[in-house]
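Reading through the structure tokens given below for one structure.
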Amino acid sequence: MNIYGNVVSEHPARKGDQQLGVLFDEGKVRKRREWRGLKDTLYDYWRWLGIYVILIKFIAKPRNIKGFFRYRWMANYLFVPHMLDKFTMGLRDEPLRIVHTAMDFVVQDVASSIDNVFRGDRRTGNDTEYSSHCVLTDENAMTAFMMGFKNAKAILREVPTMFITNLLNQNSVTHYLDVAQSVGIPGDVCPMPEAEAGISIDDDYGVLGSCAVQVNTTCDGSLMGNGVIAKRLEREYGIPTFQLLAPMRHREDDVQDYAAEDIKKAIAFVEEHTGDKWDWDHYFECAQRVNDATRKRLAWLEINSTAYPQFVGAPFSLYNDTNYMGNCGRSPLFPPVDKKILELAERGYKNKTMMAPEYRHRCIIWGVQPQYVIDMLNWMVHCWGVVPLTDMLSMVNTRMIAEEDTPENREQAYYDMAWLNENMIMRNRTHGGYKVLVDELWKFCDILNADMVMLWEHMSCKALDGMHGQFEEQARQRGVHLVWVCHDLCDPRVYSRQAIRQQFNDYMRTVMREEPLDPSIEILTDNDAF
């Protein structure tokens, strides 16, 4: 502790001994790789080379080379190593290893997802037998309804096409936004579903699958985008589409029967079009993995409630998104990664490892984060000593679902799958009223010992912005520092990266009366960078 009561690193000579700004060349590219001491530099470089191995193995397949030249969005994947560098900047010891363990596996999972798309895609691999067992699944859908299908494969083609590319290159979706608006879609719609609709209008998705399942889990903008995509799937490609509906009042008991019945209908739809039958043994194997992932996530958050948090920021969020929603227990590859992350987090806590020389504030990140400046949370730690303990999209289901195969649990399983669908990463906070969006935030502040909240004000997200006043009033009553930061999710032309960071800079300087830990990264001229 320093004289102000803030936690200070026990190894100050190893963290903060150099200004991270010297690594930037006008914020666009790195002048050199970061020196982290011999052990950590070698580890980081080895994992950095491992990313290239994943990319080389992926592109070595002829169908993937064909896909690279067919689809506009594929060029963004040249920037994968740079994205990883953003997440690891300034890190040492266990936090460095946690980020690489989590994010390197996410890279591997995304590469596998794209490979699956191109395998069945009529324009590239055209594996018709494989495609006949594929189900196109909405990016915003929990894949819980696929947990009992041992052979049918869920294909989330929108994730690598739009979601991930915007993490890699801030300008990756601006073309598709312009395409959507050129046919009359309003510009004030959330840019995520608008870009997804633009990709479909531009005919830039892979074409595969025996059927598709869409959901209503996010917002009206998402329903708009789904309508455009569904029309193309059904009318031009002959791929039937099922609309899986989650109740708006998802925390109320009286809607759960309806939700469970719709899960049954979705399963019957998949069985009809793929020819695959529901396997209860396989379902309960997946259920066990879902519960294991939930227990690990709670353990990570428990460590983050201490003075020495370990797994924080965007890597926590992105790994949780991939595991909780995209995987939903279906892959046996995730539990060993979860276990490794927990071991590293426990070791880091025991060693009192820190990510910066000083922790001034403990912050919860609320709202929907901007895709194109995803490394900002790591920047907050090193520039201002503000630790992002967790984010809204990671505070998801904590229930254990039925994992033992009994007649009673087979019926309960439909309710469990419905509950998971209702509690996908965005919907569980933006639907259900102020209790889930506002009241529970303060509970998390107490649990995680947070004194600050950074609230993303996504301009096109009406559900969250409508409660601006309630957040302000209740934060004052509780003595919690509340920082509003505006952005437009996927479109950097509205708020640039530095404009987003500057809002946080201004708050820290004018309201908190503090100086940055590392002044060299307070302003980064990276507005024209990828």
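The values are calculated or read from the model by the stated rules, or taken from the named source; none is laboratory data. For clarity, every value in this text was computed on a predicted model and none was experimentally measured. Note that each Cβ is placed from the backbone with ideal geometry, even for glycine, and that neighbours are counted across all protein chains shown. Areas reflect the complete protein model, heavy atoms only, side chains present, ligands, DNA and RNA absent. Shrake-Rupley method; radii C 1.70, N 1.55, O 1.52, S 1.80 Å.
Given F163, F105, which one is modelled with pLDDT under 95, within 20 Å of the chain's Cα centre (by Cα) and among the aromatic types (F, W, Y)?
Of the residues listed, the single one that is modelled with pLDDT under 95, within 20 Å of the chain's Cα centre (by Cα) and among the aromatic types (F, W, Y) is F163.
Please determine, by comparing only the residues of segment 456-514 that are in a loop (DSSP other than H, G, I, E, B) and among the hydroxyl-bearing types (S, T, Y), which one is modelled with the lowest pLDDT. Walk me through how you get there before you give the answer.
Restricting attention to segment 456-514, the residues satisfying the condition of being in a loop (DSSP other than H, G, I, E, B) are 459-461, 466-467, 479-480, 488-496, 512-514.
From what's left, among the hydroxyl-bearing types (S, T, Y): 460, 495-496.
On the way: S460: 79, Y495: 93, S496: 94.
In this case the residue turns out to be S460.
Somewhere in segment 349-364, is a residue assigned to a helix (DSSP H, G or I), over 13 Å from the mean Cα position of the chain (by Cα) and modelled with pLDDT of 95 or more?
So far as segment 349-364 goes, yes, one or more of its residues are assigned to a helix (DSSP H, G or I), over 13 Å from the mean Cα position of the chain (by Cα) and modelled with pLDDT of 95 or more.
Where residues in segment 1-53 are of a type in the set (F, W, Y) and modelled with pLDDT of 85 or more, which of them is least open to solvent (accessible area, probe 1.4 Å)?
Restricting to residues being of a type in the set (F, W, Y) and modelled with pLDDT of 85 or more, the top hit is Y43.
Which residue pairs have Cβ atoms under 7 Å apart, sit 6 or more places apart or on different chains, and have a first residue in segment 202-221 that is closer than 12 Å to L156 by Cβ and a second that is hydrophobic (A, V, I, L, M, F, W, C) and part of a loop (DSSP other than H, G, I, E, B)?
G209/I239; A212/I239; V213/A141; V215/A141; V215/A246
Check segment 333-352 and report whether any residue there is open to solvent by 10 Å² or more (accessible area, probe 1.4 Å), touching a helix residue (DSSP H, G or I) at 6+ places or on another chain (Cβ under 8 Å) and of a type in the set (F, W, Y).
Yes, segment 333-352 contains a residue that is open to solvent by 10 Å² or more (accessible area, probe 1.4 Å), touching a helix residue (DSSP H, G or I) at 6+ places or on another chain (Cβ under 8 Å) and of a type in the set (F, W, Y).
Pairs needed: first member in segment 372-388, under 15 Å from Q19 (Cβ atoms); second member anywhere, of a type in the set (F, W, Y) and assigned to a helix (DSSP H, G or I); C-beta distance under 8 Å; at least 6 residues apart or different chains.
Pairs found: W384/F504.
With the requirement that a residue be acidic (D, E) and closer than 18 Å to I239 by Cβ, what does segment 99-148 give you?
D121, D127, E129, D138, E139
Any idea which of (1) more than 14 Å from L420 (Cα to Cα); (2) in a helix (DSSP H, G or I) is the one F242 doesn't satisfy?
(2)
Name the pairs: first residue in segment 130-146 and modelled with pLDDT of 95 or more, second residue of a type in the set (D, E) and open to solvent by 10 Å² or more (accessible area, probe 1.4 Å), Cβ to Cβ under 7 Å, at least 6 apart or on different chains?
Every condition considered, the pairs that remain are H133/D276.
Within the bounds of segment 366-373, is there any residue that is part of a strand (DSSP E or B) and under 30 Å from Q470 (Cα atoms)?
Applying the first criterion (part of a strand (DSSP E or B)) to segment 366-373 yields 366.
Next, from what is left, pick out any that are under 30 Å from Q470 (Cα atoms): 366.
For segment 366-373, residues part of a strand (DSSP E or B) and under 30 Å from Q470 (Cα atoms): present.
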